[in-house]
Amino acid sequence: MITNYHKTIRDDKIQILEKPVRGSWICAISPNPGEMEMLELQHSLDPDLLDDGIDLYEAPRLERDGSNIYIYVRYCLPEGEHTSTHPLLLVITQNNIITVSRTNTVPIQNLIAHGEIVTTQKVKLVLEILEEVNKGYREHLNGVTKHILSTRNKLQKTIVSNTDLLNFINIEEDLNEFLAALQPYGIVLHALLNGKYMKMHEKDEDLVEDLQLSTNELIELTKSRLK
């Protein structure tokens, strides 16, 4: 499904358009082959780079193809059937922001629900999406911390059960996957801050620096919880 969102700084509400215009956010969720081809043709996207956006095992990275910038990240999805993180592709074109995901992502749902985004401010919108990605990791890691402390306290008083062991194994698998997603994601943010891929205003650079700091904290928190 493809939805075209549009909101200027003067608008009170997000509009949903039948066709995208300059400054639209084109949001593709679980796109079918026909929708993927339409995105490719309408926005001059590389088909291979576009397909990578819905590859379940795609790692975070940054790519440039002509004037288009492809930002691959992974967001927290502990309830996922096969993996605890899922891919999310953000494409910055000359006229639009395009996001492509395999499922309806919580970071995107949150931004749309708040309704405070401005789609015509492309770089800021991308950074707001990335900020929501970080929030998802932080919220789940806070829950993991409480679970670990609770289980450890219980283990000091009772005999270890198979269920307890399985819970710890599941937590460890999730944390290892988080680490595998967050570390290359930190490299992506560093590359964005270098300014080689796109020009940013000072306020945008501050947002990237905040994201870098937040991501580094998430990496260290994940490592500590693994220990």
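Sorted largest first, the principal axis extents computed over the alpha-carbon atoms of region 152-227 equal 58, 18, 14 Å.
With the convex hull drawn around the C-alpha atoms of the chain, the volume per residue stands at 122 Å³.
Skip the ligands, DNA and RNA, and give the accessible area per residue of region 158-227 with a 1.4 Å probe, whole Å².
Working: 4360 Å² over 70 residues.
I get 62 Å² per residue for region 158-227.
For residue 56, no residue whose modelled amide H falls within less than 5 Å of its own remains once neighbours fewer than 5 places apart on the same chain are excluded.
Tally Lys and Arg at +1 and Asp and Glu at -1 over the other residues with C-beta under 13 Å from the C-beta of residue 1: what net charge comes out? Intermediate results must be reported in sequence, preceding the final value.
Working: positive: 102; negative: 35.
It works out to a net charge of 0.
Taking amide H positions as modeled 1.01 Å from N, with prolines and chain starts lacking one, the residues under 5 Å from residue 65 and 5 or more places away or on another chain are 70. Per residue, the convex hull around the alpha carbon atoms of region 1-115 comes to 105 Å³.
For region 131-140, 3J(HN,Hα) computed residue by residue from phi via the Karplus equation (6.51, -1.76, 1.60; θ = phi - 60°) reads 5, 5, 4, 4, 4, x, 4, 5, 4, 6 Hz, glycine and proline entered as x. Per-residue Karplus couplings for region 212-226, computed as 6.51 cos²θ - 1.76 cosθ + 1.60 with θ equal to phi - 60°, are listed in order as 4, 4, 4, 5, 4, 5, 5, 4, 5, 5, 5, 4, 5, 6, 4 Hz, Gly and Pro entered as x. Restricting region 79-158 to trypsin sites (Lys or Arg not before Pro) that sit in a DSSP loop and have at most 11 other Cβ atoms within 10 Å of their own Cβ leaves 157. Each residue of region 104-111 was assigned a 3J(HN,Hα) from its phi angle through the Karplus expression (A = 6.51, B = -1.76, C = 1.60, θ = phi - 60°), giving 6, 7, 4, x, 6, 4, 5, 5 Hz with x at Gly and Pro.
Sorted largest first, the principal axis extents computed over the alpha-carbon atoms of region 14-54 equal 30, 20, 15 Å. Charge tally around residue 120: other residues with Cβ under 11 Å, Lys/Arg +1 each, Asp/Glu -1 each, net +4.
Amide H contacts under 5 Å for residue 85: 77, restricted to partners 5 or more places along the chain or on a different chain, H placed in the peptide plane at 1.01 Å from N.
The values are calculated or read from the model by the stated rules, or taken from the named source; none is laboratory data. Treat the numbers as computed from the prediction; the structure is a model and nothing was measured. A quick note on method: Cβ atoms are made from the backbone with ideal geometry, for glycine too, and the neighbour counts reach across all protein chains shown. What goes into the accessible areas is simple: the full protein's heavy atoms, side chains included, and nothing from ligands, DNA or RNA. Shrake-Rupley method; radii C 1.70, N 1.55, O 1.52, S 1.80 Å.
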